[in-house]
1. Having 2 or more residues that are open to solvent by less than 20 Å² (accessible area, probe 1.4 Å) and modelled with pLDDT of 85 or more is the bar; report the strands (runs of 3 or more DSSP E) wholly within region 78-153 that clear it.
2. Restricting attention to region 6-34, which residues are farther than 17 Å from Gly95 by Cα and modelled with pLDDT of 90 or more?
3. Need pairs with beta-carbon distance below 6 Å; first residue closer than 22 Å to Thr134 by Cα and part of a strand (DSSP E or B) and within region 45-60, second open to solvent by 60 Å² or more (accessible area, probe 1.4 Å) and not charged (D, E, K, R); sequence gap 6+ or separate chains.
4. Which residue, of Ala145, Ala109, is out of contact with any strand residue (DSSP E or B) (no Cβ under 6 Å at 6 or more places or on another chain) and either within 16 Å of Asp13 (Cα to Cα) or without any contact (Cβ under 8 Å) to a residue 12 or more places away in the chain (or both)?
Amino acid sequence: MGISFDHSQYITDIRMALGEAGETIKHSAPFTDMEYMRSLVDTGFSGNISYLEADLYFEGGVTVIQDVTWIWQARALGGAAWVDLHTAVTEQWTGQIDTGLRVGLETSALTPDADAVPLEVRLLVSAPVAADVTVRIGGANIVPAVRVFGESI
């Protein structure tokens with residue numbers, strides 16, 4: 001029998017930790033499913049998740065008003081398939097906008113591809129119109145965070 005865990009962690013972009021990107025990331029649209037950030041949720045050991053809750057907030061910006069689609073996904077570290085943590089959100093961005101949501105998922109909603117720690121979490125954005133699209137993690141908004149409950153293996 002494993003050790004129960006309750007682990008909370010702020011989400012920070014792995015590229016930021018490696019010094020490869022600032023906290024504001026900009027890409028030129030149009031594009032589909034551009035990865036804007038990826039974070040590692042690491043409890044310090046391997047284990048099975050029984051419940052995941054997350055505050056997945058960020059700031060987004062565009063130079064041309066357009067509908068932007070975004071989604072947060074997760075997978076077990078090194079896993080093959082990403083699992084959607086919520087339904088994709090499409091909303092009109094008109095310059096700078098604060099956006100995000102709160103999710104709570106039982107293991108059954110995560111599937112075997114994302115029901116274990118360490119866990120990777122990422123933000124994908126799609127923008128159909130030629131423009132600069134920026135995302136800032138944290139900023140004036142809530143810093144995104146993930147909390148996982150489960151048992152070590």
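1. Details: elements: 89-93, 96-106, 119-127, 132-136, 145-152.
Strands (runs of 3 or more DSSP E) meeting the threshold: 96-106, 119-127, 132-136, 145-152.
2. Asp6, His7, Ser8, Gln9, Phe31, Thr32, Asp33, Met34 - these are the residues of region 6-34 that are farther than 17 Å from Gly95 by Cα and modelled with pLDDT of 90 or more.
3. Asp55/Ile142; Tyr57/Ile142
4. Working: Ala145 fails: out of contact with any strand residue (DSSP E or B) (no Cβ under 6 Å at 6 or more places or on another chain).
Checking each option against the conditions leaves just Ala109.
The values are calculated or read from the model by the stated rules, or taken from the named source; none is laboratory data. For clarity, every value in this text was computed on a predicted model and none was experimentally measured. Note that each Cβ is placed from the backbone with ideal geometry, even for glycine, and that neighbours are counted across all protein chains shown. The protein model used for the area step is the full one, side chains on, heavy atoms only, and it has no ligands, DNA or RNA in it. Shrake-Rupley method; radii C 1.70, N 1.55, O 1.52, S 1.80 Å.
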